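Down below is the structure, laid out as structure tokens.
The values are calculated or read from the model by the stated rules, or taken from the named source; none is laboratory data. Just so it is clear, the structure is predicted and the values come from calculations on it, not from any experiment. Glycine gets a Cβ as well: all are built from the backbone with ideal geometry, and neighbour counts include every protein chain shown.
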């Protein structure tokens, strides 16, 4: 299960399941009053108010009425805008801890994001190679 922010506390959940499946989706982890719903690969969803860890739970039922185990996915919701006081201009060298950019929502974006690139001698690099945890990032 994955989610994309679309503003106002709402998210689009992406749920994978075979055809003819029904789902129960909830925020509190207790399957008590939530109705079974027809499967859809995406679903608009509202998280509980407030910042912090948010978990969404789902279970599935097939045409034979077999109910799956519970699956969940969590995020840390932080709606407080970052306070950035400086930006390092390219192509200056940066030191550990230097701010690299501003987080914001522009153009056709649907939420706050940061676009960044890495280059060496004018050649763009795959930045994920340097931020996968194997290089101290």
Candidates 104, 122, filtered to the one that is modelled with pLDDT under 75 and either in contact with a strand residue (DSSP E or B) (Cβ under 8 Å, 6 or more places away or on another chain) or assigned by TED's automatic domain parsing to the domain that holds residue 11 (or both): 104
Check on residue 133, closer than 18 Å to residue 14 by Cβ and at pLDDT below 75: no
Filter the stretch 1-41 down to residues that are at pLDDT 85 or above and part of a strand (DSSP E or B) and give me whichever is nearest to residue 53 (Cα to Cα). 26
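Matching residues to (1) out of contact with any helix residue (DSSP H, G or I) (no Cβ under 7 Å at 6 or more places or on another chain); (2) over 19 Å from residue 112 (Cβ atoms); (3) surrounded by 10 or more Cβ atoms within 10 Å (Cβ to Cβ):
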residue	(1), (2), (3)
25	yes, yes, yes
34	yes, yes, yes
38	yes, yes, no
45	yes, no, yes
54	yes, no, yes
62	yes, yes, yes
68	yes, yes, yes
Kindly provide the set of residues from the stretch 53-68 that are in contact with a strand residue (DSSP E or B) (Cβ under 7 Å, 6 or more places away or on another chain) and without any contact (Cβ under 8 Å) to a residue 40 or more places away in the chain, ordered by number. 53, 54, 55, 57, 59, 67, 68
Failed condition for residue 50, given (1) surrounded by 10 or more Cβ atoms within 10 Å (Cβ to Cβ); (2) modelled with pLDDT of 70 or more; (3) touching a strand residue (DSSP E or B) at 6+ places or on another chain (Cβ under 9 Å); (4) assigned to a loop (DSSP other than H, G, I, E, B), with all others met? (1)
